[in-house]
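The values are calculated or read from the model by the stated rules, or taken from the named source; none is laboratory data. Note that the structure is predicted; figures quoted are calculated from it, not measured. Don't worry about glycine lacking a Cβ; one is built from the backbone with ideal geometry, like all the others, and counts go over all protein chains shown.
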Amino acid sequence: MINDKRVLVTGGAGVIGRQLLSLLVRDGAEVLSVDRELLDNVSGLGVRHIEADLSSASLEPIRDFAPQVVFHLAAAFERSSESPGFWYRNWQDNTLLSHRIVELAGQLPNLEVFVFASSYLIYAQDLYMHDGVGVATRYITEDDMVSPRNVTGASKYYTERELQFVNDVVNPALRCVNARIYRVFGCGSNDVISRWIRMALAGQGVEVYNKENGFDFIYAGDVADGLYRLACSADARGVVNLGSGVSTTIAEVLGILGEQLGLRYTDKGVVERIERSGANLERLKQSTGWLPSISVSEGIQKVIEYER
């Protein structure tokens with residue numbers, strides 16, 4: 001399906017984007033990557049890369065490229081409890097940027113598939129947040145309640161709705177997939193696992209709170225693989241969860257890092273509600289016939305090797 005297709009990847013220089021570009025080039029796609037950051041080894045990857053801020057830059061190069069498939073990954077994130085200073089960045093990098101890409105998508109006559117990197121932060125936090133410890137993990141389904149947890153979740157949900165409008169009103173033939181992605185970690189990322197690995201390699205300790213929090217950590221390579229498969233599967237459309245399907249506690253992550261790197265940490269106790277979230281992957285499996293395969297332990301080893 002991808003061979004000889006013109007494929008746009010926004011956020012191509014990111015931790016997921018770099019992995020996705022390799023998959024696309026491997027299978028014969030003509031790829032245009034756009035990111036405000038430099039993409040290393042562009043010639044080696046075999047892609048065309050444009051350094052541009054898509055919240056304000058001209059979109060004419062994309063229009064001229066006339067993509068048949070779009071992977072919209074470009075986004076900004078902060079901690080789940082976002083600082084006031086992040087709100088403007090969220091407006092620029094999530095809401096406005098995505099609006100411009102979705103609006104353009106409705107004007108591209110050759111566009112067949114649009115895959116949007118959405119987020120599980122769209123789901124109501126009361127599904128998986130608790131006031132005490134020892135609570136079972138909630139494996140969230142795509143039909144569970146929507147009530148965005150923060151401004152990032154709100155922006156992601158707004159983009160999903162805009163994309164649905166384009167699909168319903170402007171181009172009914174367009175196949176749209178909203179991949180609600182869980183907690184990504186990977187090589188060259190700023191996620192908590194990668195930060196702790198860098199600190200451990202530097203001989204530093206870390207401060208930890210809410211170590212009973214349980215998250216669905218998914219390695220960036222598996223995210224890229226999942227997005228690729230969702231684009232290629234005619235059965236994939238609408239909202240699809242993309243996680244590992246396994247909830248791992250912070251305590252378990254610390255145990256792995258302790259064994260592999262001797263990471264030292266100071267336990268600051270419980271300072272906020274406990275999260276116990278995971279992804280129900282039945283829809284992903286039904287639509288692609290695939291499930292992620294890289295465990296947290298295996299992913300951590302890959303990041304350690306990269307950081308070394």
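In this entry, Y182 is excluded by the filter for residues that are closer than 24 Å to R100 by Cβ and within 24 Å of the chain's Cα centre (by Cα).
Each row is one residue, and each column tells you yes or no for (1) closer than 30 Å to S297 by Cβ; (2) hydroxyl-bearing (S, T, Y); (3) surrounded by fewer than 16 Cβ atoms within 10 Å (Cβ to Cβ); (4) more than 20 Å from the chain's Cα centre (by Cα).
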{"site": "V113", "(1), (2), (3), (4)": "no, no, no, no"}
{"site": "T137", "(1), (2), (3), (4)": "yes, yes, no, yes"}
{"site": "E142", "(1), (2), (3), (4)": "yes, no, no, no"}
{"site": "A154", "(1), (2), (3), (4)": "no, no, no, no"}
{"site": "Q164", "(1), (2), (3), (4)": "no, no, yes, no"}
{"site": "R175", "(1), (2), (3), (4)": "no, no, no, no"}
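Checking each residue in segment 137-170 for being within 16 Å of S81 (Cα to Cα), without any contact (Cβ under 8 Å) to a residue 40 or more places away in the chain and either touching a Gly at 6+ places or on another chain (Cβ under 7 Å) or hydroxyl-bearing (S, T, Y) (or both) picks out only S147.
Quick one: is V170 at pLDDT 95 or above and surrounded by 17 or more Cβ atoms within 10 Å (Cβ to Cβ)? It is false that V170 is at pLDDT 95 or above and surrounded by 17 or more Cβ atoms within 10 Å (Cβ to Cβ). Given the condition out of contact with any Cys (no Cβ under 9 Å at 6 or more places or on another chain), closer than 30 Å to M1 by Cβ and at pLDDT 95 or above, answer yes or no: does some residue in segment 245-255 qualify? Yes; the residues of segment 245-255 include at least one that is out of contact with any Cys (no Cβ under 9 Å at 6 or more places or on another chain), closer than 30 Å to M1 by Cβ and at pLDDT 95 or above. Candidates are the residues of segment 208-241 that are outside any loop (DSSP other than H, G, I, E, B) and of a type in the set (S, T, Y); the one that is nearest to F71 (Cα to Cα) is Y228.
The C-beta contact set for segment 283-308 (first residue closer than 14 Å to C232 by Cα and surrounded by fewer than 16 Cβ atoms within 10 Å (Cβ to Cβ), second residue among the aliphatic types (A, V, I, L, M) and modelled with pLDDT of 95 or more, distance under 7 angstrom, 6+ apart or interchain) comprises K285/L291. In segment 188-204, the residues that are assigned to a helix (DSSP H, G or I) reach residues that are exposed (fewer than 13 other Cβ atoms within 10 Å of the Cβ) with C-beta atoms within less than 8 angstrom, at least six apart or across chains, in these pairs: M199/G205; A200/G262; L201/R308. Reported count of residues in segment 225-243, each being within 12 Å of the chain's Cα centre (by Cα) and surrounded by 24 or more Cβ atoms within 10 Å (Cβ to Cβ), is 5. Pairs, please: C-beta under 9 Å, at least 6 apart or cross-chain, first residue farther than 17 Å from A75 by Cβ and in segment 13-28, second among the basic types (K, R)? That search, which allows pairs on different chains as well, returns L24/K5; G28/K5. Looking across segment 24-68, not a single residue is in contact with a Phe, Trp or Tyr (Cβ under 7 Å, 6 or more places away or on another chain) and either surrounded by fewer than 15 Cβ atoms within 10 Å (Cβ to Cβ) or more than 10 Å from V7 (Cα to Cα) (or both). Apart from one condition, T248 fits all of (1) in contact with a helix residue (DSSP H, G or I) (Cβ under 8 Å, 6 or more places away or on another chain); (2) of a type outside the set (G, A, S); (3) farther than 23 Å from T141 by Cβ; (4) surrounded by fewer than 24 Cβ atoms within 10 Å (Cβ to Cβ); the exception is (3).
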